[in-house]
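Values in this text are rule-based calculations from the coordinates and carry no lab data. Given the structure is predicted, the values throughout are model-derived calculations rather than measurements. Here the Cβ positions follow ideal geometry from the backbone for every residue, glycine too, while neighbour counts run over all protein chains shown.
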Amino acid sequence: MVSSRSAAGLWWGLVGVAAFSFTVPFTKIAVAGLSPLFIGSGRAVVAAILAAAALALTRQRLPRGSQWGRLALVAGGVVVGFPLLTSFALTATPASHGAVVIALLPAATATAAVLRGRERPPTAFWLITGVGALAAIGFASMQSGGFGQLHRADVLLLGAVVAAAIGYAEGGLLARELGAWQTVSWALVLASPLMVFLAAVSVAQQPPSASPAQWAAFAYLGVISMFLGFFAWYRGLAIGPMAQVSQIQLVQPVLSICWAGLLLGEALTWTTIVGGVAVILCAGAAVRVRLRPAAAQPAEVTATPSLQTVKD
């Protein structure tokens, strides 16, 4: 029973990562015709409209007390911070280079999950997580021509990683209380006044004018990356353990760079296959090392079944 729930969390996480893997290349497509401020804020407005409709139609109960403050933390990380920072960064760097820095996200999320969720992965988990992060960065670096010096875009992407890691960890915990899709929906609604204001400012500064392909990329960012993808991702994190599920993100830079090659024509070489296999093996090893201690101590898991409950 324990292993089946853990497997379910991993599969939900994988669905979320697959949805998120298109975010960087589609953002790169969109910024060719739309301002980064409009993309970062406008996608959140689109998602907030969908979220508000879903919450109203299903008559969801309002969050209570401290849950609002925690939702603000989620909104600051994944609704405001990550979209805006990556949009501005990708005006000055290739999509494949963006994957270099974003490859740090699994390790950052695992760290945030441990600090916030009080999970205690074994030492071997951290060793494999570190190796996986290095493998992901090395793979992405080979594809983008090297990490090079730290530029303004890299600083923005690092900020996006920190923001997303905090939002993922807090959102994973809240999803156990509010439900997976409810958590991201309330976060979007909470952030909507700010994002509507920023979108209005961006339209006043630079009226949006884009090609059909750029508008399609923007639509994906608003509907999938900002809304539906989080249904699966937060459900996976809620089932958890979060530190384990977060390692599925190691495959995200592999997928992102493949999509960048297919959609944007960015260079792909034989190292894509070799590096991609190495990164995926590290993700699999991190998952397995985390599963073994949990399976060896069933009494510890069954003692707190309420933490495994996911509302949906």
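If each residue's Cβ is checked for other Cβ atoms within 10 Å, how do M195, M226 rank with the fewest at the top?
Working: M195 24, M226 27.
If I rank by nearby Cβ atoms, fewest first, I get M195, M226.
Please work out the C-alpha center-to-center distance from the stretch 168-208 to the stretch 1-80 and express it in whole Å. Computed from Cα coordinates, the inter-centre distance equals 7 Å.
Could the peptides 35-41, 187-193 be put in order, highest first, of the mean number of other beta-carbon atoms found within 10 Å of their residues?
Descending packing order for the listed peptides: 35-41, 187-193.
Shape call for the stretch 177-258 from the C-alpha gyration tensor, a ≥ b ≥ c root eigenvalues: rounded (a/c under 1.5), prolate (a/b greater than b/c) or oblate? Oblate, because a/c is 1.5 or more while a/b does not exceed b/c.
For G179, nonlocal amide neighbours, meaning residues 5 or more places apart or on other chains whose placed amide H falls under 5 Å from its own, are K311.
A full extension of the chain between R152 and Q67 corresponds to an added length of 27.2 nm, given 0.36 nm per residue minus the alpha carbon distance. Along the stretch 228-236 the Karplus relation, 6.51 cos²θ - 1.76 cosθ + 1.60 evaluated at θ = phi - 60°, assigns HN-Hα couplings of 5, x, 6, 4, 6, 5, 5, 5, x Hz to successive residues, with x for each Gly and Pro.
What ranking do Y220, Y168 get, fewest neighbouring Cβ atoms within 10 angstrom at the top? Provide the component values of the computation, followed by the final result.
On the way: Y220 22, Y168 31.
Neighbour counts put them in this order, fewest first: Y220, Y168.
As an exercise, identify the trypsin sites (Lys or Arg not before Pro) in the stretch 1-86 lying in DSSP coil whose Cβ has no more than 14 other Cβ atoms within 10 Å. Don't jump to the answer; show the numbers that get you there.
Values: sites: R5, K28, R43, R59, R61, R64, R70; in loops: R59, R61, R64.
Those that pass, being in a loop and sparsely packed, are R59, R61, R64.
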